[in-house]
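The values are calculated or read from the model by the stated rules, or taken from the named source; none is laboratory data. Computed from a prediction, not measured in an experiment: that's the story for all the values here. Counting neighbours? That spans all protein chains shown, and the Cβs are built from the backbone with ideal geometry, glycine included.
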């Protein structure tokens, strides 16, 4: 198990990582997710040994590795820029960690290239500059695996690839994690990547670890408004608590019609109701439990779904509903109409600030 | 067909033309034209004149068609081959000065360039300025400074005499004194190409190598040295070729007793007034320079270096 306790990194008066605790089980695919500048890459580089922590400890299976040099850690980092050695061929890049660790290179390059879906006969003797972005990412992955690490650290390695390739490689990385039974720690600002690949999420913001858990749990039960909005496109309504019995909370708001009573695991009194865009529909009349009167401002067809952009008739707030194309066709809605953005009570998420 | 289509068709025809002259007047080649013309007039023209003079009889001061001779080449090559006369010594002196200067500047420059490019953060600009400032001064002034420093009854002798040293050796007019001068004068030409090549190595490349188990020696041998090789080669090329043509250093620090090819050419054109002989030596020096340059450049893959930015 990889464990960080009170891990901290300061740059002068700036606290990049603020006393973070995390535990990652062996074989787990853990993702550290957060917006740009949140400290997630700093945290990863401390786990890799490239940055010296200002405080705290890192242990691997109980052994303190806080002061262990990167070349002596059983970890390998796939860099955001991939950091392939430009003067070496693909084969030489992959052989590099095998040679530094004094192992035989016999057949290893071919096996590793096949593992990352590259044809050794075609790619092994190419120069790095001859490869596409996706191929370079795969070579960087193969090179890190060639080090035979216990833990593979990945610093947004898919960030500069096109969307289709990102989705394909996300799937392949998740499969590789299972196939190799190796611990993966992945850093990203992409919610989709985090949700698709991970067993466990660590949400970080401004250096603080603000929620940990399985992706579905964090998606459905975010700790606060920031996480709720970060974890998916959502409409946010300010609410007032009108009743609370310890298990359920009833709220209402001047922005929507009706009160909402839901169970919430959050101890703090909720201040916002969050509802995901794809849990909302827009129809001429209020037919669901909760709804807000809106003017339809814009309609954007996105293939199977339609984004209906609306503005509140009572406040200055804007809302969005992402509805199925068939549903949109079945209701009589057009730009300029007055309608209701609405949703079922159980889709409501109550969160504090 | 509209006028715009006609114009577009003509531009396409020019752009796809196989005629190299047509290609030369299209951007971006047209941007090279002023420099190309200048080089043609100021380099190729004089070079042709030198070559033609080199096959004229001794003491000719104008070109006389029909009096071509290779007597000067025979004299130079014969002297070099037999070791007799001045040419054997000149060749040895020139080769020694160039080779030793290149090696010494490389050995001194690489660690300094490495420290400046990858280790020193504070006062880096100050160090770089200190290294650049001597280039703002004329070579003659700097070399005369060395002469005043080293000469008998000069600054160095005065300083060492304060420590009781009475038998000050003759420092001037030795081969190593010329090497001292060329090393000092040409050091920046070695240091800056190496510095720039070390500076261009991405931090993540270094971190990746460490991450993959490389110790310091492996990191230097497998990553830093190969990636800085272009700087080493270009720096060596600069220093070696500039040292081949070192004239001022040989004249002032050699004092007329140690001749290099460049100072001997100067002597032939000036004191001896034997332009054809001087021209023949100049052609010889040019050939040696080009051959050495090609050999040095062949040790690096320019195409691979040019493509590194894509990696």
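What strands (runs of 3 or more DSSP E) lie completely within the range A:261-308 and have 1 or more residues being under 16 Å from residue A:228 (Cα atoms)?
A:272-276
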- Message: I'd like to verify a number: residues in the range A:86-102 that are free of Cβ contacts under 8 Å to residues at least 24 places away in the same chain and either outside any helix (DSSP H, G or I) or touching a strand residue (DSSP E or B) at 6+ places or on another chain (Cβ under 7 Å) (or both), how many?
- Response: 2
- Query: How many residues are closer than 16 Å to residue A:152 by Cβ and under 21 Å from the mean Cα position of the chain (by Cα) if we restrict to the range A:1-21?
  - Reply: 1
- Message: Taking the criterion of being away from chain B (no Cβ under 13 Å), in contact with a strand residue (DSSP E or B) (Cβ under 9 Å, 6 or more places away or on another chain) and closer than 22 Å to residue A:73 by Cβ, would at least one residue in the range A:150-158 satisfy it?
- Response: yes
- Message: Could you go through the range A:162-173 and let me know if any residue there is within 30 Å of residue A:63 (Cβ to Cβ), buried (at least 20 other Cβ atoms within 10 Å of the Cβ) and more than 14 Å from chain B (Cβ to nearest Cβ).
- Response: yes
- Item | Qualifying positions in the range A:82-98 - under 15 Å from residue A:147 (Cβ atoms) and more than 11 Å from every other protein chain (Cβ to nearest Cβ) | none
- Task: Determine if the range A:192-200 includes at least one residue that is under 30 Å from residue A:105 (Cα atoms), in contact with a helix residue (DSSP H, G or I) (Cβ under 7 Å, 6 or more places away or on another chain) and modelled with pLDDT of 90 or more.
- Result: no
- Does residue B:214 satisfy the condition of being within 14 Å of chain A (Cβ to nearest Cβ), farther than 19 Å from residue B:113 by Cβ and touching a helix residue (DSSP H, G or I) at 6+ places or on another chain (Cβ under 7 Å)? yes
- Task: Scan (1) touching a helix residue (DSSP H, G or I) at 6+ places or on another chain (Cβ under 6 Å); (2) in contact (Cβ under 8 Å) with a residue 60 or more places away in the chain; (3) assigned to a helix (DSSP H, G or I) for the single condition residue B:289 breaks and write down its number.
- Result: (2)
- Note on the structure: Checked against (1) farther than 15 Å from residue A:158 by Cβ; (2) buried (at least 16 other Cβ atoms within 10 Å of the Cβ); (3) more than 13 Å from chain B (Cβ to nearest Cβ), residue A:125 satisfies every condition except (2)
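Every residue, every condition in (1) modelled with pLDDT under 90; (2) loosely packed, with under 15 Cβ neighbours inside 10 Å, yes or no:
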{"position": "A:306", "(1), (2)": "no, no"}
{"position": "A:314", "(1), (2)": "yes, yes"}
{"position": "A:323", "(1), (2)": "no, no"}
{"position": "A:329", "(1), (2)": "yes, yes"}
{"position": "A:335", "(1), (2)": "no, yes"}
{"position": "A:344", "(1), (2)": "yes, yes"}
{"position": "A:351", "(1), (2)": "yes, no"}
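For every residue, the table says whether it meets (1) in contact with a helix residue (DSSP H, G or I) (Cβ under 6 Å, 6 or more places away or on another chain); (2) buried (at least 17 other Cβ atoms within 10 Å of the Cβ); (3) over 18 Å from residue B:115 (Cβ atoms).
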position: B:158; (1), (2), (3): no, no, yes
position: B:174; (1), (2), (3): no, yes, yes
position: B:177; (1), (2), (3): yes, yes, yes
position: B:187; (1), (2), (3): yes, yes, no
position: B:192; (1), (2), (3): no, yes, no
position: B:198; (1), (2), (3): yes, yes, no
- Query: Which of the residues spanning the range B:45-67 are assigned to a loop (DSSP other than H, G, I, E, B) and either closer than 20 Å to residue B:287 by Cα or under 29 Å from the mean Cα position of the chain (by Cα) (or both)?
  - Reply: B:55, B:56
- Message: Just to be sure I understand, how many residues within the range B:66-85 are surrounded by 14 or more Cβ atoms within 10 Å (Cβ to Cβ) and touching a residue at least 12 places away in the same chain (Cβ under 8 Å)?
- Response: 6
- Message: Quick check on the range B:204-220. Is at least one of its residues buried (at least 18 other Cβ atoms within 10 Å of the Cβ) and within 18 Å of the chain's Cα centre (by Cα)?
- Response: no
- Message: I'd like to check something: does the range B:228-235 contain any residue that is within 10 Å of chain A (Cβ to nearest Cβ), without any contact (Cβ under 8 Å) to a residue 12 or more places away in the chain and surrounded by fewer than 20 Cβ atoms within 10 Å (Cβ to Cβ)?
- Response: no
- Query: In the set A:104, A:54, which member is farther than 21 Å from residue B:202 by Cα, surrounded by fewer than 17 Cβ atoms within 10 Å (Cβ to Cβ), more than 8 Å from chain B (Cβ to nearest Cβ) and touching a helix residue (DSSP H, G or I) at 6+ places or on another chain (Cβ under 9 Å)?
  - Reply: A:104
- Message: Tell me the residue from A:44, A:22 that is closer than 23 Å to residue A:180 by Cβ and outside any strand (DSSP E or B), please.
- Response: A:44
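Residues checked against (1) modelled with pLDDT under 85; (2) in the same structural domain as residue B:245 (by TED's automatic domain parsing); (3) on the phi < 0 side of the Ramachandran plot:
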site: B:77; (1), (2), (3): no, yes, yes
site: B:85; (1), (2), (3): yes, yes, no
site: B:90; (1), (2), (3): no, yes, yes
site: B:98; (1), (2), (3): no, yes, yes
site: B:101; (1), (2), (3): no, yes, yes
site: B:125; (1), (2), (3): no, yes, yes
site: B:134; (1), (2), (3): yes, yes, yes
site: B:153; (1), (2), (3): yes, yes, no
site: B:159; (1), (2), (3): no, yes, yes
- Message: Would you confirm, using the coordinates I've provided, whether residue A:26 is touching a helix residue (DSSP H, G or I) at 6+ places or on another chain (Cβ under 8 Å) and either surrounded by fewer than 21 Cβ atoms within 10 Å (Cβ to Cβ) or more than 14 Å from chain B (Cβ to nearest Cβ) (or both)?
- Response: no
- Message: If I ask for residues that are farther than 30 Å from residue A:135 by Cα and within 13 Å of another protein chain (Cβ to nearest Cβ), which ones from the range A:57-81 would you list?
- Response: A:68
- Query: Do we have residue A:49 as surrounded by 20 or more Cβ atoms within 10 Å (Cβ to Cβ), on the phi > 0 side of the Ramachandran plot, within 10 Å of chain B (Cβ to nearest Cβ) and touching a strand residue (DSSP E or B) at 6+ places or on another chain (Cβ under 9 Å) here?
  - Reply: yes
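Which residue is surrounded by the fewest Cβ atoms within 10 Å (Cβ to Cβ), if the candidates are limited to the range A:110-122 and must be within 31 Å of the chain's Cα centre (by Cα), away from chain B (no Cβ under 14 Å) and not in a loop (DSSP other than H, G, I, E, B)?
Ranking the qualifying residues of the range A:110-122, first place goes to A:114.
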